[in-house]
Amino acid sequence: MIRVLIAEDDRNTLTGLVEILRQEGFEVVGAESGEEALQVLAYRQFDILLTDLRMPDMGGMELYEKAKIQAPQMKTIIMTAFNSVKDAVEAMKGGVYEYLTKPLDLDELFIILKKAVADFELERENEELKHRLQGVYRFENIIGTSKVMQDVFHAIIKVAKSDSTILVRGESGTGKELVARAIHYNSPRMKNSLIEVSCASFPESLLESELFGYEKGAFTGAAGRKVGRFELADNGTIFLDEIGEISGNVQTKLLRVLQEREITRLGGTSAINVNTRVIAATNRNLEEALDDGRFREDLYYRLNVIPITLPPLRDRKEDIPLLLDHFIRKYAKSNNRGPLTIHEDVLNICLEYHWPGNVRELENAMENAIVLGDGDKVLPEHLPVFIKMRKSDAAGDMGMILNAGASFREKLDFAEKLILEDAIRNANGNKSEAAKNLDISVRNMRYKISKYNL
Ligand SMILES: Nc1ncnc2c1ncn2[C@@H]1O[C@H](COP(=O)(O)OP(=O)(O)OP(=O)(O)O)[C@@H](O)[C@H]1O
Ligand SMILES: [Mg+2]
């Protein structure tokens, strides 16, 4: 409830105002002088001070200046006779919220009070937002100290309130699904369903019926009616993951839903209104797909109303320490290990590595290390071989090779080269020691060194 303190030396005006504002649902206290108002302020908080400008012992401005010290967030509205509007304007320059001329126009009074209340709510929200973000390096279960991630948190809170379509972009494992969930669960739709559809995991014809449903007999085998996911998500949110993978036909249908907010079940004749908020995600370069004609431009613009982009982990390495800490705690707990610390080298290796699989890869690495390791420290040897190799670009090349059209032999050779490089590095450049550690002959080592130009 909004609390209003009224200071007015004219008793009739005062009782009248107190009465009217109480009827309007405010919590009101009246004071017959500036002194009395200050006394009340000393033991109670108010949101709004409504004060007369001219009062015998203490004028409205003086009251305002003193009250400001006790209650800086309070908004002061000054009531003044018509002929002293100039003073009122001065007062506003001094920080007074608004002024009203006497005799009071009640409509005007309510408009100003309404505005003050709206401003309060806004301020409160901003405060809340600041509080949530200030030094808070996690939003729900999303961790991020970097500026870019803080911006993402901001964006989530902002867009959650609206019904706008959101496109979440980012490489695999950057947290797109987490963001989609955070948006839904911070939105007014949170009590209704969040339906997730991984578009790539359905063949084209199936995806269509999954999304839009079908009527009995719509195709051979359609024994009954099926309600589609858009309908299931009515008044809630549908999360269309891997949106870059949908066929032209489904693209067209999806465009229609976004434009008309209605669907038609397969084999159905009538359109059904749906109030479903769409959040889509992709790790693909949609712009490229546009150029190739694989993705409809009109759909792209409908989806891309508000893009949220999650940068790859290698571009926000400052997030790594906290992420490590987070996952170590998480997996120590689920594996019944006591509190674990992390060897400094593990941190350094992780900071150097380029994380092609982003946060997911880091999470898996920590889970692995905790399952495999023992003791009270996570050590470098518990890390997966690729990460341990330290040489980030080499591991990157390896990832590329694995995905590229190289032959088995070429891939093997490349892996061998990486292993040798790593062994030599670990032996501080001493090649015979590296050979010994790898348990291969020095002669064999020499051969490989010349083969791979090491
Ligand atoms: N900022 C983060 N803080 C904590 N955990 C994260 C963060 N980002 C990602 N994760 C974790 O990493 C894993 C992958 O995240 P998510 O599934 O959201 O990625 P994605 O972008 O949807 O990946 P893909 O494109 O492969 O579907 C999840 O286990 C998630 O909890
Ligand atoms: Mg995902």
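The values are calculated or read from the model by the stated rules, or taken from the named source; none is laboratory data. A quick note: this is a predicted structure, and the numbers were derived from the prediction, not measured. Here the Cβ positions follow ideal geometry from the backbone for every residue, glycine too, while neighbour counts run over all protein chains shown.
Here are some notes:
- When GLU416, GLU421 are checked against the criterion of being under 19 Å from TYR452 (Cα atoms), at pLDDT 80 or above and crowded, with 17+ Cβ neighbours inside 10 Å, a single residue qualifies: GLU421.
- Of the residues making up region 218-248, those that are within 16 Å of ligand 1 (Cβ to nearest atom) and closer than 18 Å to PHE202 by Cα are ILE238, PHE239, LEU240, ASP241, GLU242, ILE243, GLY244, GLU245, ILE246.
- Selection status of ALA280, within 16 Å of ligand 2 (Cβ to nearest atom) and closer than 30 Å to PHE219 by Cα: yes
- GLU231 being within 16 Å of ligand 2 (Cβ to nearest atom) and either in contact (Cβ under 8 Å) with a residue 40 or more places away in the chain or not assigned by TED's automatic domain parsing to the domain that holds LEU303 (or both): no
- Selected residue (criterion: farthest from the chain's Cα centre (by Cα)) from residues of region 175-228 that are within 16 Å of ligand 2 (Cβ to nearest atom) and of a type in the set (Ser, Thr, Tyr): SER201
- Among residues of region 172-186 that are within 22 Å of ASP234 (Cβ to Cβ) and of a type outside the set (A, V, I, L, M), those with a Cβ under 7 angstrom from a residue that is assigned to a helix (DSSP H, G or I) and more than 6 Å from ligand 1 (Cβ to nearest atom), sequence gap 6+ or separate chain, pair up as ASN186/ILE156; ASN186/ILE157; ASN186/ALA160.
- Looking across region 46-66, the residues that are touching a Gly at 6+ places or on another chain (Cβ under 9 Å) and of a type in the set (Asp, Glu) come down to ASP52, ASP57, GLU62, GLU65.
- Only listed residue being outside the structural domain of SER187 (by TED's automatic domain parsing) and at pLDDT 90 or above, chosen from GLU352, GLU318: GLU318
- Residues that are modelled with pLDDT under 85 and either away from ligand 1 (no atom under 16 Å from the Cβ) or surrounded by 13 or more Cβ atoms within 10 Å (Cβ to Cβ) (or both) number at least 2 in the following helices (runs of 4 or more DSSP H) confined to region 71-177: 85-93, 106-133.
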